Structure formats: structure tokens, C-alpha cells
1. Using Cα-Cα distances under 8 Å and only pairs 6 or more residues apart, what relative contact order does the chain have, in percent?
2. Within the chain, what's the longest run with no chymotrypsin sites (Phe, Trp or Tyr not before Pro) in a DSSP loop and at most 12 other beta-carbon atoms within 10 Å? Give the range, please.
3. Could you state the accessible area per residue of segment 404-452 in Å², with a 1.4 Å probe and every protein chain left in place?
4. Let me spell out the model: positive unit charges on the Cβ of Lys and Arg, negative unit charges on the Cβ of Asp and Glu, origin at the Cα centre of segment 2-273. What dipole size does that give, in debye rounded to 20?
5. If I stretch the segment between residue 211 and residue 71 completely, what's the gain in nm (0.36 nm per residue apart, minus their alpha carbon distance), one decimal?
6. Ignoring ligands, DNA and RNA, what percent of the 1.4 Å accessible area of the chain is carbon and sulfur?
7. Pairs of Cα atoms under 8 Å, at least six residues apart: use those to get the relative contact order of segment 374-453, whole percent.
8. Below 14 angstrom from the Cβ of residue 264, what's the summed charge of the other residues (Lys, Arg +1; Asp, Glu -1)?
Amino acid sequence: MSIVTVQLGQCGNQIGFEVFDALFSDSHCPQKFCSKRENEAYQASCKERFFSEEEDGVPVARAVLVDMEPKVINQTLSKAAHSGRWKYGQHSHLCQKQGSGNNWAYGYSVHGPRHEESIMNLIQKEVEKCDSLSGFFIVMSMAGGTGSGLGAFLTQNLQDQYSNSLKMNQIIWPYGTGEVIVQNYNSILTLSHLYRSSDALLVHENDAVHKICAKLMNIKQISFRDINQVLAHQLGSVFQPTYSGEGSFHYRRNPLGDLMEDLVPHPEFKMLGVRNIPQMSENSLAYSTFTWAGLLKHLRQMLISNAKMEEGIDWQVRPPLSGLPTLGKMPLSKELHFNTSIANLVILRGKDVHSADLGAFKDPALYTSWLEPVTAFNVWKTQRAFSKYEKSAALVSNSQSLVKPLDMIVGKAWNMFASKAYLHQYTKFGIEEEDFLDGFALLEQVIASYSNL
């Protein structure tokens, strides 16, 4: 089954390019740990998901590119074409001459309706090229204008027109210090709209990825490209093929459907995060060896202490003792130091993958009381290594990890809203105070639901 990717705005298009490049590079890198037949099946599965074949033999990304300014799309199309390895479709993009000026309302209320028909036609053409559609992967930021405003508008449209297909939005959480004065308003409006129309939100925080570049990749002057390559690596480690079951050598057919089934058991809880281990520069990798026991021990502690990378993990954090009654909920000292999960999916790739012991992730204390670990925890495997790592693990989790950043964004936006700062920029394009209040109410409910796990 195939996934159609929709790249929106500057951020979505730059990340989208790196994701397709990472998927292509990985599926064509030499393999030591699996047979030639397995490797060919892996390549065919990756291709079916993300690429379609053209006459000249160059794979074409199953993607639609949208931006309201031409510069980034032109750069993206040209970079893909010049790589000589894969490219974007000739007529798979829409760009205009005037951006959204970081105004969510302009992206949603002006650009959305104005270009709705053209964009939906492009998407339909991509869908028609798929033998069978798994769903849509929508890549966007939530702080600007085009990616966030137009992204929310298009996700709603996809929900209306393709109600039986899954929609996953990959959203970039803005830097806490901020690039845009109204980023908190834009974020509130984006998240509240997506919560109504998307099936899952896969969130990457800019601050966390920046730290990975600095501390783990040892990059001195970090560019957006560095950040996007880390994001692409993390997304590739989730979306590349894995076996459909224990002992099976067939690759799963429906990646988005399987992800949703394993991670989103209730529509109130649809915010997902990704953690990867190991992540390091080529130079460090040459001197490193890994065991599954070591990798999984670190990954579990990253989960429960809510660390985004293996450096600086708080090893003091322990799960509450399972089996004890939780009368009156946990004391406040637990606050949010321990990160309770609804669902976790561990994806293992590489040498001796079948020997990895995942018992520690099945501890009931890691999960909310209303789900059994047998339902809440899943594992996907393949002995084909990913990228340059002999052994690697990715953890996709639906947990409390985003409560604090979400609460901060809602708090900052509310402070501005209470003094009516910059509201006129939104009301002049038809986004009223009631729309903000609806957004605040919905997100306060999300925060409360996650906090009470």
C-alpha cells in the first residue's frame, strides 16, 4: 500500500526532500545482515510505499509540494532532479508569488479557499497512481503561516474527501525562544484544528532536534539542513519496511494503518513522539559497538524520564511500583517526572534482531491503568540494518511527554490573547475571538486528559 506525502510551506518542503532522500539512500545501501532476496523485497516494499516508476527508470516521489512562495519549491525540485537517483513529478507542485506572512489566518482563510481546487486535483492525481492507498502523510510546521494555516485547511479537506483514508500530520514544534512573535497563536490554531481532522500528530520539537545535532552529531554550526537530516533519519527509521509478525519474512503492507492501530487507541490521545538510538556522527560510529540489551536499557529510560536523546538521561526516575493501589492518584512529587504511556511501539533493525529482549517495555507500571501491556506495547522488527547503523532502535510513543510544552504554548498564547495583542491581524481574515476560545478549550481538555493518565 502506498502513502501520499503532502509537503507544505518552507519547512514541510525542506523536510520532505530530506525524508525521500533518506528513504532512497537507505533502501539502496549495501547490506550485510540479510539475504539478497530479503533485501530486494525490502527495496520493493519501500518503493511501493513512497515512489512510483517513470519511463526513464528514475523513481518519482509520491508527493505533492505546496508553498505560497516559489523559492523553496524550485530549490527542492531542482535538488531532487540533480541527485539523479529520484525526483519529484513534473506536475506535482503548486506555488504562488505571495506568502502568508507568518499569519495562520491568511494561510487558512485566504490561500486555502483560493487554491483548494488546484491542490486537491494534484492530490487526486497522486492518489490515482497508487494501486492501493494507505493514507496521507502531511509534513508542516505549526508556527508560520502557509504550513500551519493552509496545512490545517487541507487536512480538513482530506478528511472530507478521503474520509476512509488515514491522515498523519508530522508537525514541527517551534523553538521555545521563538522565531515568530505570533508563533503561539499559530500553534494553538494549528493544533486545535488538526485534533479535529487528523488521525495522529507526529511531533518533533525543534529544541530537542537542535540538541541532538549539537551533542550527539557534534555539529558546531547547526543549519536547518542538519536539523532536517536528523528528522529524516528518525522518520525513515519508523516508515521503512519491517516484518509483519514474529518469525515472518513478509513486510507489512499497511504502515500507516498499523501505526495507528498500535499507537492511537482513543481519539482523545493522538500526539506521538519519536526517539532513536543510537544517533551519532560517522566519526564516532567507527569506534562504537552496541548490544541490544544496552540500547534497549537506554531507550526505556529515555521513555520513562522523558529524555529525547541518550545523553543526559535522568537515571533516578523509576516507574511507580506496579500492583499498588493508586488511590487519590499519585502524589504531586511524581508530578511529571515519570512519563506515563498509553501506547509504545519499538522498531528494531539490524543484526541478531530476534535475540533482543523487550520484557522491560511490558511492565504494566509504564502504562495507564485502562490498557493492558499486551495491548499497549508492540514491536516491529527486521534484520535488515537501517542507514549506517549495524543495530538501531526507534521508539514511537503516545505518552505524557508533550504535556509540558503544550501547556507552555497555551499559557503564552493565553497571555497575549488576554491583552488582545495582534488579534486584529487574525480578525481581518475572518478568524474571530470565538475561534481562539474554541482552540484554547480543546487543548486544555487534551492537557487534562494526558495529565490524568
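1. Worked out over the chain, it gives 17 percent.
2. Values: sites that count: 287, 315, 370.
Within the chain, the longest run free of exposed chymotrypsin sites (Phe, Trp or Tyr not before Pro) spans 1-286.
3. On the way: 2650 Å² over 49 residues.
Heavy-atom SASA per residue in segment 404-452 reads 54 Å².
4. 540
5. Values: separation 140, 0.36 × 140 = 50.40 nm, distance 2.83 nm.
Gain on stretching residue 211 to residue 71: 47.6 nm.
6. Numbers: 9740 of 19150 Å².
Answer for the chain is 51 percent, counting heavy atoms of protein chains only.
7. Values: 22 pairs, mean separation 29.0, N = 80.
Across segment 374-453, relative contact order equals 36 percent.
8. Numbers: positive: 167, 270; negative: 199, 258, 261, 262, 268.
Around residue 264, the charge tally is -3.
The values are calculated or read from the model by the stated rules, or taken from the named source; none is laboratory data. Just so you know, these numbers come straight off a predicted model, no measurement behind them. Reconstructed Cβ throughout: ideal geometry from the backbone, glycine too, with neighbour counts over all protein chains shown. To get the accessible areas, we keep the full protein, side chains included, count just its heavy atoms, and leave off ligands, DNA and RNA. Shrake-Rupley method; radii C 1.70, N 1.55, O 1.52, S 1.80 Å.
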